[in-house]
1. Taking beta carbons within 10 Å but only from partner chains, what does the mean come to for residues B:224-234?
2. What is the mean number of Cβ atoms from other protein chains located within 10 Å of the Cβ atom of each residue in peptide A:36-45, rounded to a whole number?
3. Beta carbons within 10 angstrom, averaged per residue: use that to sort the peptides B:419-427, B:242-250, highest first.
4. Work out the P(r) tail for chain B: percent of alpha carbon pairs separated by more than 43 Å, whole number.
5. Going from the alpha-carbon gyration tensor of chain A, what semi-axes, largest first and in whole Å, does one get by taking the root of 5 times each eigenvalue?
6. Tell me, how many Å apart are the Cα centres for the stretch B:169-200 and for the stretch B:245-267?
7. Compute, for chain A, the length of the dipole vector about the Cα centre, with Cβ point charges of +1 (Lys, Arg) and -1 (Asp, Glu) only. Units Debye, rounded to 20.
8. By average Cβ neighbour count within 10 Å, what is the ranking of B:340-349, B:433-442, B:108-117 from highest down?
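Values in this text are rule-based calculations from the coordinates and carry no lab data. Just so you know, these numbers come straight off a predicted model, no measurement behind them. Here Cβ is always computed from backbone atoms with ideal geometry, including for glycine, and neighbour counts include all displayed protein chains.
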Amino acid sequence: MATNRKRSLLILDILAGLLFVGSFTPMVIPMGKNEPNFMGIPYTMWMGFVVSVLFVLLAYGVSRIQKRNDHAD
Amino acid sequence: MLTNFLIASAIYLVVLIFLVRRTRIKDKTTSNYLLGGGNIGFVMGLFTTAATLFSAFTVVGMPDFFRTHGVGAWIFLAVSDTMMVYGLIRVGEILRKKARHLDFKGMSGLMVSTYDSKLAGYVAFGGAVVFLIPYIAVQISGISIFLNAAFPDVVPVWVWSLSIVAVMIIYSETGGLRAIMYNDTLQGIMLFFTIWIVGYNCIEHFGSIESMFAKVESVNKELLSVPGPKGLFSAQFFIISALAIICLPFTQPQISTRVVIMKSSSSLRKMAIGLGVVAILVILPTLFMGMYGAVLYPETSTQDFIGHVLLHDQAAGIAALGLIGLVAAAISTSDSQIFALGSELRSLIHIEDKKAISITRVFIVVFGVLALIFSIVSTEHLVLLARTSFTGTAMMAPMILTGILSSKKLSLLMPISTFAALLFFVFSKLGWLPSSVLGLQMELVLFGILVLAVVLENLVFGKKVRS
């Protein structure tokens with residue numbers, strides 16, 4: 001059980017690391033390009049919004065896994 | 001307008017007096033006065049941390065950032081804030097464990113314990129003082145200048161500054177951290193609703209979000225992509241900002257204290273997730289305000305633009321609420337920071353608790369007065385330190401995180417290299433040292449060296465296991 005939790009946390013950490021690196025590449029911030037837009041919203045804006053939501057979801061994932069862990073209380 | 005503002009201010013002050021009476025502590029101790037008695041639930045934890053984090057800068061600076069530099073401002077703050085939430089939820093729990101184990105009073109004191117050296121504590125405390133006091137001063141001065149512009153010839157600028165600092169000090173001195181957290185909650189709710197009303201009005205001006213961006217494109221297409229019209233948003237800029245913001249919960253004592261005093265791990269987790277959601281919801285309306293400004297007020301000064309978007313273009317009631325929300329935001333961020341500096345000092349003093357609290361309370365007044373003086377005689381150098389406040393305190397992150405995460409007996413490598421990095425950083429900002437090395441900005445170079453020091457500390461210097 002503890003090993004599973006550790007593995008799940010490692011997967012989330014790897015995903016967060018990849019998302020962190022990806023956020024600073026042309027995948028999210030292409031220089032001088034605002035296409036393709038989504039419902040009129042420029043690319044970097046909607047992609048940035050998606051990245052923000054993904055980080056919150058990853059954090060939520062960690063919180064679900066940590067829920068049953070031993071903690072400071 | 002002045003009448004509305006005075007009525008709103010009077011109501012705000014009455015609420016503050018009510019809160020301070022409710023939270024007043026007769027027998028002040030480190031636990032109940034400086035640490036709010038611990039036991040902070042998820043809702044209050046969320047609002048107090050959010051209010052501390054989202055200062056007047058968010059209300060004034062972010063719309064202006066969007067207006068001037070375009071949509072890349074979202075990556076600069078919103079994406080970095082949600083990255084911070086991930087870091088907080090991963091490391092926050094370990095900080096709480098260590099803090100409980102080592103009788104946490106402040107991050108500086110914790111560093112003394114983990115490094116078994118006073119130098120580590122002095123570096124953490126010195127770094128906080130050097131960067132936070134100018135930040136507080138510039139924030140107070142900014143709001144005072146804005147109030148003076150909104151109500152010219154009512155009172156001089158310094159009277160506005162004095163009033164803000166007086167409210168801040170009296171409130172903090174009387175009620176302690178718990179009173180500050182109640183104020184934060186009040187301010188957070190007020191600010192949240194105000195900026196959403198203003199943001200909604202900005203969209204309504206264009207009819208829809210789609211037509212808003214279409215109009216911005218016709219005015220200045222460069223605002224819709226990075227690096228923005230002035231070329232500010234480079235990948236290096238984003239990385240430095242992200243590193244500084246991710247480290248905030250550990251390098252800014254007002255936030256780390258809130259992490260430690262949360263009631264339970266479950267409350268911390270809910271608070272962290274809530275903080276991510278609030279970050280998105282708070283920054284989103286500032287995007288609308290910024291795009292509105294980019295179309296209607298592209299060439300005006302920051303002060304004029306904010307004056308229009310927050311005051312003159314709004315109904316009188318909303319404008320008054322906006323203004324008082326702005327003052328409240330400045331107060332809640334600044335009093336948390338001044339109070340945190342007091343707590344940091346307390347954590348370095350090893351004398352009887354009552355005496356230590358008395359000394360701390362004197363220094364909270366001293367820090368407040370210093371911030372007031374600096375806000376009145378704001379110099380170019382102070383503004384520079386304030387502007388680089390987050391990046392500056394981030395230089396302490398490798399030392400602080402090593403102290404929190406390592407279970408080894410640590411050497412003095414990290415405190416010494418952090419002290420040197422802080423000096424290099426300030427000197428480079430002052431122009432006494434180059435601002436970049438081989439095309440890399442000095443902040444990244446210093447951060448890289450500090451990460452190397454962390455590796456050396458773990459592999460070479462800190463081998464003995466703590467008994």
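1. The mean count of partner-chain Cβ atoms within 10 Å per residue comes to 4.
2. Mean inter-chain Cβ contacts per residue within 10 Å come to 6.
3. The most tightly packed comes first, giving B:242-250, B:419-427.
4. When every Cα pair of chain B is considered, 12 percent fall beyond 43 Å.
5. 33, 12, 8
6. 18
7. Computed about the Cα centre, the dipole is about 280 debye.
8. Top to bottom by mean Cβ count within 10 Å: B:340-349, B:108-117, B:433-442.
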